[in-house]
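Colleague: Please find one structure pasted underneath; my questions will follow.
The values are calculated or read from the model by the stated rules, or taken from the named source; none is laboratory data. All figures in this text were calculated on a predicted structure; none of them were measured in a lab. Note that we place each Cβ from the backbone using ideal geometry, even for glycine, and neighbour counts take in every protein chain shown.
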């Protein structure tokens, strides 16, 4: 009887965990749409850079080609509708809308954390998008810290297979977990666990931050562990400490969260330093990127793929047409920026000498 009672208690605990995970995801969606969760006192860093305008590009605008291929999937532009949500009915509608936009515009897409799906397989309908986006470069997503919580290679393999994903994106969020009263904060030994996953998973593993950036030593350690790409995901956009601040009941804990509103490495700085130490590594950049000119700046600073999350979430909440218009806007502004810097291809944009740093009194080459 004691064993049966223990089993029931374990089952109750898992059910409670499942419920908490789904409720947290629903609350995250609401807060991101309704509240001001932008970082405070820190920008994405791209305003420190300017393109020198090319008045005579010596090309036809129609010849500008922003296409590329990543992980075997062709893309019309280096834009990722970044990892956001899943596990709720609202998430199902948002994910389907964004997936249709990604398919139509030939962009990459990332799903929200699959922990809820691993805990509750019946939630598959809130994550599944392959049926509406068969050709999209699709990233499954899981909190890296879950590798220390029993979600090993087999669980990751199951998540990727269930979603029909092309790659797995692991997110690092130590600050967010530390601010949550029930957060998973055991990051000890996590790098080794990531390396083990990279060695055994059949699809590429990408590691990203969630909005506070990565320092060069972390980037190097992750590439040494075998990751296929790193998303520096810097500060300047959505601050998850601000998101958590809206969820916290105790006033003193809210004040702790508020202290980190300006925390993190600006996206442009994190990207520039990552490219410096990993000149041949595949780098993604996200964090506070709002328009196609900033996408172009990110590419010129070394990004292979540029993620946009918050703007797409809010656009999709307005409707699929708004999300589609945002995608078109980003791609068109990127192509015009390429045209007006004389860059026919992304490779030419990445090697351009027309991006200068203007935050100092005199501009310096990047």
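Colleague: Give the residue, chosen from 285, 261, 323, that is over 20 Å from residue 347 (Cβ atoms) and either surrounded by 24 or more Cβ atoms within 10 Å (Cβ to Cβ) or modelled with pLDDT under 95 (or both).
Modeller: On the way: 285 fails: over 20 Å from residue 347 (Cβ atoms); 261 fails: either surrounded by 24 or more Cβ atoms within 10 Å (Cβ to Cβ) or modelled with pLDDT under 95 (or both).
323 is the lone residue from the list that is over 20 Å from residue 347 (Cβ atoms) and either surrounded by 24 or more Cβ atoms within 10 Å (Cβ to Cβ) or modelled with pLDDT under 95 (or both).
Colleague: Only one of these conditions is not met by residue 356: (1) closer than 30 Å to residue 56 by Cα; (2) surrounded by fewer than 18 Cβ atoms within 10 Å (Cβ to Cβ); (3) touching a helix residue (DSSP H, G or I) at 6+ places or on another chain (Cβ under 8 Å). Which number is it?
Modeller: Condition (3) is where residue 356 drops out.
Colleague: Considering (1) within 28 Å of residue 243 (Cα to Cα); (2) in contact with a helix residue (DSSP H, G or I) (Cβ under 8 Å, 6 or more places away or on another chain), say which one residue 231 fails and leave the rest.
Modeller: (2)
Colleague: Looking at region 204-217, is at least one residue in a helix (DSSP H, G or I) and under 28 Å from residue 310 (Cα atoms)?
Modeller: Yes, the conditions are met somewhere in region 204-217.
Colleague: Against the definition (more than 16 Å from residue 209 (Cβ to Cβ) and crowded, with 20+ Cβ neighbours inside 10 Å), how does residue 294 come out, yes or no?
Modeller: yes
Let's see how each residue does on (1) surrounded by 21 or more Cβ atoms within 10 Å (Cβ to Cβ); (2) assigned to a helix (DSSP H, G or I):
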{"position": "77", "(1), (2)": "yes, no"}
{"position": "87", "(1), (2)": "yes, no"}
{"position": "90", "(1), (2)": "no, yes"}
{"position": "94", "(1), (2)": "yes, yes"}
{"position": "101", "(1), (2)": "yes, yes"}
{"position": "109", "(1), (2)": "yes, no"}
{"position": "126", "(1), (2)": "yes, yes"}
{"position": "140", "(1), (2)": "yes, no"}
{"position": "151", "(1), (2)": "yes, no"}
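Colleague: Taking region 166-201 only, how many residues are within 30 Å of residue 246 (Cβ to Cβ) and in contact with a strand residue (DSSP E or B) (Cβ under 6 Å, 6 or more places away or on another chain)?
Modeller: Selection size over region 166-201: 5.
Colleague: Of the residues that make up region 207-228, is at least one under 18 Å from residue 178 (Cβ atoms) and modelled with pLDDT under 95?
Modeller: No, that holds for no residue.
Colleague: With surrounded by 23 or more Cβ atoms within 10 Å (Cβ to Cβ) and out of contact with any helix residue (DSSP H, G or I) (no Cβ under 6 Å at 6 or more places or on another chain) as the only criterion, which of 131, 113 stands out?
Modeller: 113
Colleague: Consider residue 302 carefully, then state whether it is more than 21 Å from residue 98 (Cβ to Cβ), without any contact (Cβ under 8 Å) to a residue 60 or more places away in the chain and touching a helix residue (DSSP H, G or I) at 6+ places or on another chain (Cβ under 9 Å).
Modeller: yes
Colleague: Another one. Can you pull out every residue in region 349-366 that is assigned to a loop (DSSP other than H, G, I, E, B) and at pLDDT below 95? Don't jump to the end; show me each part of the working.
Modeller: Going residue by residue through region 349-366, those that are assigned to a loop (DSSP other than H, G, I, E, B) are 351-354, 358-363, 366.
Correct list: 358, 359, 360, 361, 362, 363, 366.
Colleague: Spot the failing condition for residue 243; the list is (1) at negative phi; (2) touching a strand residue (DSSP E or B) at 6+ places or on another chain (Cβ under 7 Å), and only one is missed.
Modeller: Of the numbered conditions (1) at negative phi; (2) touching a strand residue (DSSP E or B) at 6+ places or on another chain (Cβ under 7 Å), the odd one out for residue 243 is (2).
Colleague: Which number in (1) closer than 20 Å to residue 90 by Cβ; (2) within 19 Å of the chain's Cα centre (by Cα); (3) outside any helix (DSSP H, G or I) marks the one condition that residue 132 misses?
Modeller: The failed condition is (2).
Colleague: Mind listing whichever residues of region 261-288 are over 10 Å from residue 235 (Cα atoms), touching a strand residue (DSSP E or B) at 6+ places or on another chain (Cβ under 8 Å) and not in a helix (DSSP H, G or I)?
Modeller: 278, 281, 282, 283, 284, 285
Colleague: Still on this structure, I have one more. Going residue by residue through region 81-89, is there one that turns out to be at pLDDT 95 or above, within 20 Å of residue 291 (Cβ to Cβ) and under 17 Å from the mean Cα position of the chain (by Cα)?
Modeller: yes
Colleague: Hey, among the residues in region 1-55 that are more than 30 Å from residue 115 (Cβ to Cβ) and assigned to a loop (DSSP other than H, G, I, E, B), which one's modelled with the lowest pLDDT?
Modeller: Filtering region 1-55 for residues more than 30 Å from residue 115 (Cβ to Cβ) gives 1-2, 41, 43, 45-55.
Among the residues that remain, those that are also assigned to a loop (DSSP other than H, G, I, E, B) are: 1, 41, 43, 45, 52-55.
Values: 1: 33, 41: 94, 43: 96, 45: 97, 52: 98, 53: 98, 54: 98, 55: 98.
The qualifying residue modelled with the lowest pLDDT is 1.
Colleague: What number goes with the only condition from (1) farther than 27 Å from residue 291 by Cα; (2) in a loop (DSSP other than H, G, I, E, B) that residue 233 does not pass?
Modeller: In the conditions (1) farther than 27 Å from residue 291 by Cα; (2) in a loop (DSSP other than H, G, I, E, B), residue 233 misses (1) alone.
Colleague: Residues in region 297-320 that are farther than 30 Å from residue 278 by Cα and buried (at least 20 other Cβ atoms within 10 Å of the Cβ): how many? Let's see the steps before the verdict.
Modeller: The initial filter retains those residues of region 297-320 that are farther than 30 Å from residue 278 by Cα, namely 313-320.
Narrowing the set further to residues that are buried (at least 20 other Cβ atoms within 10 Å of the Cβ) leaves 313, 315-316.
Adding up the residues that qualify gives 3.
Colleague: Just to be sure I understand, how many residues within region 153-169 are touching a residue at least 40 places away in the same chain (Cβ under 8 Å) and either within 20 Å of residue 190 (Cα to Cα) or assigned to a helix (DSSP H, G or I) (or both)?
Modeller: The number of residues fulfilling the criteria is 10.
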